[in-house]
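Below is one structure, written out as structure tokens; comments come after it.
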Amino acid sequence: MESRLSAIQHRVLRVLAGFEPQWTLTGGGALVGFHLGHRTTRDLDLFFHGQRVLDEIPERVAGHLRADGLDVSTERASPGYRRFVVQAGAERTIMDLVAEPVPTAEPPTELEPGLLVDTPHEILVNKLTALLRRSALRDLVDVGALLAAGGDLERALHDASLKDGGFSPPTLAWLLEQFPVEALAASHQRDAAPLVALRDHLVRRLLAP
């Protein structure tokens, strides 16, 4: 699979490889860079597992990046979250640092020296729980791509319910029925028909006895 991460995204990962405490690349960056390459992404999601707050981690991360000649600015911040905008000339990417106290469903793998990446199963679980909280077209697209690549929906649903006490297949089915696929597809200049078909297929599977 050919990575579809941008040059600056690869640079950020190279600079931060081996950083302590250890972080894990997850979400779209992991999918397009190491697993599926089915789309592009504007951001990198770095999870610090076992952490409830980030404390001094964001400042240290920014220091590493600046030492490599990158410009780093903060866009959003809270005790357990920091969003950076990272730039090098005309190139830019968003980087989200997240303190994640919830245990993983499956441990990450070290795909390059010092670079831990969440597995497709772990990302599928997280994408299913994300669909409870937001209507983001990329989450639906990623779930469809992961299932097409052999993801186990039943196992992922089980693990999602362990991660999120409010998660259940009927609840997700109800929310997917309200998912504004047509409007979101239009705003992204995408064909809505296959996405509607994917949503309806998921709803049927979620409600199957």
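The values are calculated or read from the model by the stated rules, or taken from the named source; none is laboratory data. Please read these numbers as outputs of a predicted model, since none were measured by experiment. Backbone-built Cβ (ideal geometry, glycine too); neighbour counts: all protein chains shown. Just the protein is used for accessible areas: all its heavy atoms, side chains included, with ligands, DNA and RNA removed. Shrake-Rupley method; radii C 1.70, N 1.55, O 1.52, S 1.80 Å.
Brief remarks on what is shown
- Extending 7 Å from Cα along the Cβ direction at Phe19 and again at Gln178 yields two label points whose distance is 3.6 nm.
- Kirkwood Rh, Cα atoms: Rg over Rh of region 139-199: 1.01
- Note on Glu100: accessible area approximately 40 square angstrom, rounded to 10, probe 1.4 Å, nucleic acids and ligands left out.
- Whole-Hz Karplus values for region 43-57 come out as 9, 10, 9, 10, 9, 9, 5, x, 9, 9, 9, 8, 6, 8, 4 Hz, taken residue by residue from phi with 6.51 cos²θ - 1.76 cosθ + 1.60 and θ = phi - 60°; glycine and proline positions read x.
- C-alpha center-to-center spacing [region 100-150, region 188-207] in angstrom: 19 Å
- Applying the criteria of a DSSP loop state and at most 16 other Cβ atoms within 10 Å to the trypsin sites (Lys or Arg not before Pro) of region 145-192 yields Arg190.
- Length-normalised contact order of region 91-190 in % [C-alpha pairs under 8 Å, at least 6 apart]: 24 percent
- Helices in the chain, meaning DSSP H runs of at least 4 residues, each add -39500 (n - 2.57). Divided by all residues, the mean residue ellipticity at 222 nm is -13500 deg cm²/dmol.
- Based on Cα contacts under 8 Å between residues 6+ apart, the chain shows a relative contact order of 17 percent.
- For region 1-138: rounded, prolate or oblate by the Cα gyration tensor [a/c cutoff 1.5]: rounded
- The order of Arg134, Arg76 by accessible area, most exposed first and with a 1.4 Å probe, is Arg76, Arg134.
- Zero-based 10 Å bins, Cα pair distances in region 60-209, whole percents: 10, 31, 32, 22, 5, 0
- Carbon plus sulfur fraction of accessible area for region 86-209, probe 1.4 Å, in percent: 55 percent
- Region 18-83 and region 156-173 have their alpha-carbon centroids 26 Å apart.
- With both residues required to sit in the chain, DSSP beta bridges show an antiparallel share near 70%.
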